[in-house]
Amino acid sequence: MGGAASILSRRRAAALAALLALLVAYGAAARRLPELPSDEVDVLFYALVVLPAFAGAVWLALPGASAGTKGLVVAAGVCGILALALSLLDVDSAANVAKLACYGLAGFAFLSLFEELWWITLVAVLVPWVDIWSVAAGPTEYVVEERPGLFESVAIAFPTPGETVVVNIGPPDVVFFALFLAAADRFHLRVTATWVAMTVCLAVTLALVWWWDDVAGLPALPAVCLGFLVPNGDLLWRDVRRLRARSTEPG
């Protein structure tokens, strides 16, 4: 993670490096692992193991969000180039983790655009509706249906043990996950509860995709935004009330 790694504690950095290595190894070996006994077990494995592992990498990298914006942008760009190079070399498991790093670092970098907490709150309220439209009838729907190869090339893939089937999560989902987690840390919200809630909401979304087997996918940003808003609702409302009080002050 470049210059951001110097901000991480040695223990946390070591844990992050170990987790990323495990994700690469899992991605490379998944198809050769024993197949899970049922689709239900597949969903549980995604929800309880694979998704938390990918989300855990963002959690472990969180101290790096306080690095300078320029350094984060450069690091995200380097990871993006690395992901492209690894994809061209057919090293898909490593490319997958490089994409995760790229999008996570981009989310951390975007936090610099938000000077006030209420800006983040407004985004968390509005973005789900944009994502629902995009998946149902907008750009995401077009890319997934008409250009599936393009979506798969930029998405992060969750491999299934013993199968060629993967579950894909798009770049915006990871970017906003990292953005909201970094915002919770910067504005002194409930960081742990935010990570847990966003991860659980994403897991529930994966389960719903399986439950409604007649749909190809569901928008994930509503889950990410809900996972940010719910555990911090009282703090976000307090900030909005403070803003309203300040705006009504005379003079």
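The values are calculated or read from the model by the stated rules, or taken from the named source; none is laboratory data. Small disclaimer: the values here were computed from a predicted structure and weren't measured. We place every Cβ from the backbone using ideal geometry, glycine too, and count neighbours over all the protein chains shown. Please note that ligands, DNA and RNA were not included when accessible areas were found on the heavy atoms of the full protein model with its side chains. Shrake-Rupley method; radii C 1.70, N 1.55, O 1.52, S 1.80 Å.
Some values worked out for this structure:
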item: Rh by Kirkwood over Cα pairs, then Stokes-Einstein D for the stretch 169-208 at 1.002 mPa s and 20 °C, µm²/s; result: 203
item: Whole-percent pair-distance distribution, where bins are 5 Å wide, for the alpha carbons of the stretch 79-141; result: 4, 16, 14, 13, 18, 19, 11, 5, 1
item: Residue 119 accessible area, 1.4 Å probe, all protein chains in place, Å² to nearest 10; result: 80
item: Residue-level accessible surface for residue 121, protein heavy atoms, 1.4 Å, Å²; result: 20
item: Cubic angstrom per residue, convex hull over Cα atoms of the stretch 29-135; result: 148
item: Built amide H within the under 5 Å cut-off of residue 158, gap 5+; result: 167, 168, 169
item: Accessible surface, per residue, of the chain when the full set of protein chains is kept, probe 1.4 Å, Å²; result: 53
item: Kirkwood estimate for the chain, i.e. one over the average of 1/r between Cα atoms, Å; result: 18.9
item: Two-decimal log10 I(q)/I(0) for the stretch 80-209, as the Debye equation yields it once each C-alpha is a single scatterer, q = 0.12, 0.14 Å⁻¹; result: -0.53, -0.73
item: Orphan Cys of the chain, criterion: no other Cys C-beta under 4.7 Å; result: 201, 225
item: Largest to smallest principal axis extent of the C-alpha atoms in the stretch 45-92, angstrom; result: 37, 32, 9
item: Degrees separating the helix 221-247 axis from the principal Cα axis of the chain, which is the longest one; result: 10
item: Per-residue SASA entry for residue 108, accessible area with 1.4 Å probe, Å² rounded to 10; result: 10
item: The chain: calculated mean residue ellipticity at 222 nm from DSSP helix runs of at least 4, using -39500 (n - 2.57); result: -23000 deg cm²/dmol
item: Ratio Rg/Rh [Cα only; Rh per Kirkwood] for the stretch 2-78; result: 1.09
item: Accessible surface of the chain, 1.4 Å probe, proportion on carbon and sulfur as whole %; result: 67
item: Nearest-ten-degree value, helix 171-186 long axis tilted from longest Cα axis of the chain; result: 40
item: Angle between the chain longest axis and helix 117-137 axis [Cα atoms, degrees, rounded to 10]; result: 40
item: Ranked packing of 81-90, 58-67, most packed first, by mean Cβ within 10 Å; result: 58-67, 81-90
item: When the stretch 163-239 is reduced to its Cα atoms, the Kirkwood hydrodynamic radius in Å; result: 13.2
item: Check: the chain dipole with +1 on Lys, Arg Cβ and -1 on Asp, Glu Cβ, in debye; result: 1320
